[in-house]
1. Is one or more of the residues making up region 186-195 open to solvent by 60 Å² or more (accessible area, probe 1.4 Å) and in a loop (DSSP other than H, G, I, E, B)?
2. Kindly indicate which of ASP123, ASP76 is within 24 Å of GLU38 (Cα to Cα), touching a helix residue (DSSP H, G or I) at 6+ places or on another chain (Cβ under 9 Å), touching a residue at least 40 places away in the same chain (Cβ under 8 Å) and among the charged types (D, E, K, R).
3. Of all the strands (runs of 3 or more DSSP E) wholly in region 445-549, which have at least 3 residues that are closer than 28 Å to TRP296 by Cα, in contact with a Gly (Cβ under 9 Å, 6 or more places away or on another chain) and not aromatic (Phe, Trp, Tyr)?
4. Only residues in region 14-31 that are of a type in the set (Gly, Ala, Ser) count as the first member; pair them with residues that are part of a loop (DSSP other than H, G, I, E, B), Cβ under 7 angstrom, at least 6 apart or cross-chain, and list the lot.
5. Say we look at region 281-306 and pick out the residues that are part of a helix (DSSP H, G or I) and of a type in the set (Lys, Arg); which of these is farthest from ALA348 (Cα to Cα)?
6. How do the pairs read when you match residues in region 565-581 that are among the acidic types (Asp, Glu) with residues anywhere that are modelled with pLDDT of 75 or more and assigned to a helix (DSSP H, G or I), using Cβ under 8 Å and keeping only pairs 6 or more apart or on different chains?
7. Give the residue that is farthest from the chain's Cα centre (by Cα), with candidates limited to residues of region 252-302 that are in contact (Cβ under 8 Å) with a residue 40 or more places away in the chain and surrounded by fewer than 16 Cβ atoms within 10 Å (Cβ to Cβ).
8. I'm checking my understanding of the structure. Among residues of region 329-367 that are part of a loop (DSSP other than H, G, I, E, B) and open to solvent by 30 Å² or more (accessible area, probe 1.4 Å), which one is nearest to LYS518 (Cα to Cα)?
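The values are calculated or read from the model by the stated rules, or taken from the named source; none is laboratory data. All of these numbers come straight from a predicted model, not from anything done at the bench. Here the Cβ positions follow ideal geometry from the backbone for every residue, glycine too, while neighbour counts run over all protein chains shown. The accessibility values were calculated without ligands, DNA or RNA, using every heavy atom of the protein model including side chains. Shrake-Rupley method; radii C 1.70, N 1.55, O 1.52, S 1.80 Å.
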Amino acid sequence: MSTLQKVLLILTKDNYPSRDIFVNIVPQGLPYIASSLEKSGYTVYGMNPNYVKFDLDVKGFLKKILQKKIDEVKPDYIGLGGLSADYLYLKDTITFIREIDSSIPIILGGGILSSDSDFIFNDLKPDYGVILEGEITIVNLLNSLVTNSDLSQVRGIMYHSNKGSVTTESQMEAVDLDTLPYPNYDIFGIDTFYELSNQENMYFTGHTQLNPRVIVISGGRSCPFKCTFCYHSTGAKYKNRNVKDIIEEILHFYERYQFNIIHFYDELFSVNENRLIELCDALIDLKSSRNLSFDWICTMRVNQLKIPILNKMKESGCIFISFGFESASDIVLKSMKKKIKKAEIINAIKLCEEVEIGVQANFIFGDPQETLETERETVDFYNDYCIDHIVHNGLISPFPGSPIWDHCLEKNIITDRKKYYENIHKGNGHNNLMNMTTIVDKDFFIEIEEILKEDKSTFKVMKVTDLKNDKTLNIKGVCPHCAKDIEYRYPKVEEHNTMFSMVNAIDPFVNFCPQCHKRVVFHTITMYENFKLKFDIFLEKIQSISSQKKETVLILGDDIKHIETYIKTLKILENNGLSLLDLNIFSFLSFMKQENDNKVLAYPFTTFSDYTFIKNRSYLILPHDNQEKAIDYLIENDVSKGDIIYLDAFDNGQHI
C-alpha cells in the first residue's frame, strides 16, 4: 500500500472537559492500530491532547490544536477511539474536524462504538466505524477505501448508505497477539509522558521508583468471566500471548525507553498457574542475564493465590496485584456474578501481606441487590481490612454493553440515552446518581458517605525525618506500618503568596510505602516555617474557644460560588490539626451565597445582611484572600477584637 496515504490517529483527553494536564500512561489501543497500519504501508501520525494545559476556553483550544495538527499533517484519514466516558470529547472532536475540513473521512472505533454500535454511529456520525478488535479490520477498511472496493465485503465495520447505516458481518479473522507488531507509542508523545511523570501524578503506580517510568505491556486480552458490570471491548474470547513474545517485547521497550515499572494491562493477567510461573521464571532470567531492573504490577482474581506463586511473583519483581473486590457482601458478589466470596477476599489480603506484595482494589456500591445492610457490611470490611491498602471506593456505573446497562434500560433508570452519554464523564455520584437499588435516593449515601471521601485524617501518618525543597521536593521518613526508611520525590513546591494557594499547599500528601505498599500520609507544613508558626497560633486560639464552648460562627469568603471549595479548605485545616468536632458551631456566614445554599455541613448558612449579631459569640474566619473585608465588617458591628479569630499568615493584618 502506498505510503502517500496518511492517517492521523487522535487519542482522547482522559479528563475532558477539564483544561488541566492529565499525566497517565499512553493506552494501547491506538498505538497497536498505528503499528498495524505502518506494517501495511500507511504513514501514521499521532496526536495526544493530554500533556498540554488547555486555555480557559476548553472547546476553543481543542479546535485550535486540531486545526494546527491537521494543517501540519494534511491527513487522508483521521482515526479516533475511546470508551463510553469519552463521548463528550469524541462528539466535540468530530464536530471540529468537520468544521476544519469536512472532506477528511473520520473512522471511529473502541469500546464506545462496539458496545452500543447503532446509537453511537448514528449520533456521532463518523464516516466509518470499526467494531471490536481493530488491527486487522482497520487495514482491510483502508485498503478497500483506497482501491474503491465494495465496503460490504469488509467484515467488522460500519458505514453509511442511502438506506441508512450499514453494519457488515463480524470479523472472523482472529487477531494473533503473537504476530502483532509492537505498539507505536512514539507518535503519541511517550517521551513527554516520561518528562512529566513523578511520584505525585503517578500516585500508587509509581510509588516504588523516585523517577517512575511506566510502560504498558499486554500478556493477553479479554476475560473468561462475565461480571454484570463489565463489557469486554476486545471481544468475549480470552486469549494469551506466548511468554517468549512477551519477554521479547519487554526487552525491546526497555532498550528504547529504560522504563522501571511494567503495567501488565490485561483485564486478567493469568488464569493458568503454570503459565504464570513460566512468565515469572522468564522475567527472573531476563533481569539476571541482561542486568535489568524494573518492578511490575498486574491484575488477578482473589481465588488464584497461593504462597509459592506469590513468592515467585515477588522474586521476579511484582510490587502489587490489582483485584476486583467490588463488594464485601456475598449477596452482592453473587448478584454481580463475581464467582468469589468474602472469605476469599480476606484470604487474598492475608496472603499478600504475608509475602509483602501490595493489594490494590476497588469497592463499587450500588449493584441492584445492594441494601443499606450490604453497604454497611462493605464499609465495615474496608475499615477492618483495606484502609491501609491501595483500595479505593466508588459507585458502580452502568456502562453500555454490560448486563446492568440492560437492567437500567429495562427498569427505566436510564430513559434518555443521549443525556446519559452527555453526563457519563461525571461518573455515577451525587450529581448524576443512577440508582439501581431499592434504596431511596435520599438514603443512598447514608452508609457510604464517609468512605467515599477517603478522609486523609483516617490514614496512618509517616514520621518525616527530612524535607528539602530544592530542584525537587524530597521527603524522607519512617513508614508507620513496617517501620522501614522510605523516600519520595515530588515536583518542587513553588512559593505561595496568597492565602488560598498557601492553604492548598499544606494539604497533606498521600502515597504508599515503597517497601510494604501500605498507605501513608505525610505533612509538609513544616517546610513553611513562618507560616507554621502563625498557623500554630491560629490553632491555639481555636482550641481556646473550643474549651470555652463558646458559640462560634464560621465565616467563608466574600464571594461564595462553590461551597465545596471551602469544605475542602476545612478538610485541609482538619488534616493539619483543626478539630471541628470540638467547636460549638452556630452557623456559617458569608457576604454572598447561592440561592439554594442554605446549609454547610448540616449547619445553617446565611449572609451578613440576614444575620443578627449577638455578643459573646466567636467568629472564626476560614482563611481566604480577602478576609480583611470580613474583619472590617465585624469590627464595624461592634464585635470584640478578642472574639475574631483568623490566620494572619502574610503580615497584612492591621486589626488584631
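1. For region 186-195, residues open to solvent by 60 Å² or more (accessible area, probe 1.4 Å) and in a loop (DSSP other than H, G, I, E, B): absent.
2. Working: ASP123 fails: within 24 Å of GLU38 (Cα to Cα).
That would be ASP76, the only listed residue that is within 24 Å of GLU38 (Cα to Cα), touching a helix residue (DSSP H, G or I) at 6+ places or on another chain (Cβ under 9 Å), touching a residue at least 40 places away in the same chain (Cβ under 8 Å) and among the charged types (D, E, K, R).
3. Details: elements: 463-469, 472-478, 485-491, 509-512, 519-522.
Output list reads 485-491.
4. That search, which allows pairs on different chains as well, returns GLY29/GLY110.
5. Just the residues of region 281-306 that are part of a helix (DSSP H, G or I), to begin with: 281-290, 302-304.
With the extra rule that they be of a type in the set (Lys, Arg), the set shrinks to 287, 290.
Numbers: LYS287: 27, ARG290: 33 Å.
Only one residue tops the list, namely ARG290.
6. GLU574/SER457; GLU574/LEU580
7. Taking the candidates together, the pick is HIS252.
8. Taking region 329-367 first, the residues part of a loop (DSSP other than H, G, I, E, B) are 329, 336-341, 356-357, 366-367.
From what is left, the residues that are open to solvent by 30 Å² or more (accessible area, probe 1.4 Å) are 337, 339, 341, 356.
Working: LYS337: 29, LYS339: 27, LYS341: 23, GLU356: 10 Å.
Here the residue is GLU356.
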